[in-house]
Amino acid sequence: MHRDAVDSHVRMRNLTRQQLLLERIARDEKRLEFIKARIDLAARNGAKPENALVNGTWEASRARFSGPISSGQSLGSGDYIVRLGVGTPTKQMDMIIDTGSDLSWLQCSPCTDCYHEPDPVFSPSRSSSYKQFTCSSTMCQSLGNRGCQRNGCTYELSYDDGSVSSGNLASETFSDGSSSVSNIVFGCGHDNEGDFSGADGLIGLGIGALSFARQIASPLRSSDIEFSYCLPVDSSNGGKSSSSLIFGNSAIPSEGQFTTYLINPSVGPFYYLQLTGISIAGSLLSIPVSTFEIRRDGSGGVILDTGTTVTRLPMSAYVVMRNVFRALTRNLPSASPVSIFDTCYDLSGLQSASIPSVQLHFQDEMDLNLPVTNYMLSVDDDNSIYCLAFAGTAFSEVSIIGNIQQQGYRIAIDGENIRIAFIPGQC
């Protein structure tokens, strides 16, 4: 269910819309710092190649695997979640979907240190399909940050904000209710600390070898990563409460606008897009294309990220965009800035308002005409104050297409042809 759906069993009912938004922005800042630190480290040390490709075992007759997506904000995280079955017998788990991570993980019992979650913690001892890797296994040896405990392979994932997940590297069966895939490599976390509260774990959809999206490709008879997702719009504003995450060849549309995605040789596991320009009210802004290009040291570029809420642009590009937008909306009553949003309006006394269009231009002549709800964000419970949902970054040249701008699109990632489609209305 969507984070704000009235029938959501995990909805945070004691927080206002602005309080929820401020929490999301605080997590966004940490996410941005994490991405920047990862890029900076790669630029200094060079890329670390992944040696092992892994594949699960397909146990269903149809080349499709899917699960319902909802927003994880009401779960205490700023990210979207998908509910999947794990283990044998199956236990339903809410997992954050993250296109910026590879290794998936779950909280597991016994817990050395675990955060609170609404579901019972996954118990590997009660699953007949659970298998831990040994220290000498090829899979364990291919893992970068690994350890060994009683001949069992261990992993540790740490994030720049101090969040951590560590435990046993294992394989397990994942299912969507009608189909299942076995031997999926994941982390069974016994020590999990940080800002994951509410979700049971994380499902990695990055481009690396340990990504769930790559592991599931072969069992689905796909030659490479094939999946699509649609992030539901806030249902309190009239949007659907949930949508779907689909794997397999049925996830890729036969027609539609595609743009080539880029792989940064210095940084994984992000999907990069080549943004060629931004238009406001049909006029192309004066921003050099080089502003959005990946540099030789791995910095810069434009990342498509489900884990970031607000689209971020280098400050030089954002200032140009903001100033033009302000000039075209000078007739609207302004409001005080809200957190990182410095362009806000009080529309409480208006029955209607004329808002300039925003268009993102990508390589291969793909143009993304954003719905107004994807860039004008209501920040109060009265739907009176709206802010331009873009922000600048003063300390990083990387741009990030956040999940607000992705809402309402079916986003299909076609690894075989190295391309991504944005299809409106197929949620």
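The values are calculated or read from the model by the stated rules, or taken from the named source; none is laboratory data. Everything numeric here is computed off the predicted structure, so don't read it as measured data. Note that we place each Cβ from the backbone using ideal geometry, even for glycine, and neighbour counts take in every protein chain shown. All accessible areas refer to the heavy atoms of the entire protein, side chains included, with ligands and DNA or RNA removed. Shrake-Rupley method; radii C 1.70, N 1.55, O 1.52, S 1.80 Å.
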Completion exercise
Residue pairs qualifying under the 7 Å Cβ cut-off, at least six apart or on distinct chains, with the first in segment 280-309 being free of Cβ contacts under 8 Å to residues at least 24 places away in the same chain and the second being of a type in the set (S, T, Y), are V289/T276
Handout entry: Every residue from segment 211-242 that is closer than 30 Å to L377 by Cβ, modelled with pLDDT under 85 and not basic (K, R)
Key = P232, V233, D234, S235, S236, N237, G238, G239, S241, S242
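How do the strands (runs of 3 or more DSSP E) wholly within segment 314-381 filter down when requiring 1 or more residues that are open to solvent by 70 Å² or more (accessible area, probe 1.4 Å) and within 16 Å of A281 (Cα to Cα): which remain? Write out each step before concluding.
Details: elements: 344-346, 358-362, 366-369, 376-378.
Once the strands (runs of 3 or more DSSP E) in segment 314-381 are filtered for at least 1 residues that are open to solvent by 70 Å² or more (accessible area, probe 1.4 Å) and within 16 Å of A281 (Cα to Cα), what remains is 366-369.
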Fill in the blank from the handout: Screening L157, L143 for residues that are under 22 Å from Y115 (Cα atoms) and either among the β-branched types (V, I, T) or under 25 Å from the mean Cα position of the chain (by Cα) (or both) leaves only L157
Fill in the blank from the handout: Across segment 140-151, the tally of residues that are in contact with a Ser or Thr (Cβ under 9 Å, 6 or more places away or on another chain) and surrounded by fewer than 18 Cβ atoms within 10 Å (Cβ to Cβ) stands at 5
Completion exercise
Of (1) out of contact with any Asp or Glu (no Cβ under 8 Å at 6 or more places or on another chain); (2) at pLDDT 85 or above; (3) surrounded by fewer than 20 Cβ atoms within 10 Å (Cβ to Cβ), S178 satisfies every one except (2)
Handout entry: Residue ID - farthest from the chain's Cα centre (by Cα), chosen from residues in segment 337-357 that are of a type in the set (G, A, S) and over 9 Å from I385 (Cα atoms)
Key = G349
Practice task
Considering every residue within segment 112-131, establish whether at least one is open to solvent by 20 Å² or more (accessible area, probe 1.4 Å), more than 30 Å from T311 (Cβ to Cβ) and assigned to a strand (DSSP E or B).
Solution key: yes
Completion exercise
Within segment 249-295, residues under 23 Å from V82 (Cβ atoms), of a type outside the set (F, W, Y) and modelled with pLDDT of 90 or more come out as A251, I252, L273
Exercise for the section: Can you tell me which residue within segment 386-399, out of those that are modelled with pLDDT under 95 and among the hydrophobic types (A, V, I, L, M, F, W, C), is nearest to L231 (Cα to Cα)? Expected result: V398
Practice task
Identify the single condition in (1) open to solvent by 40 Å² or more (accessible area, probe 1.4 Å); (2) in contact (Cβ under 8 Å) with a residue 60 or more places away in the chain; (3) in a loop (DSSP other than H, G, I, E, B); (4) not acidic (D, E) that S396 does not satisfy, given that it satisfies every other one.
Solution key: (1)
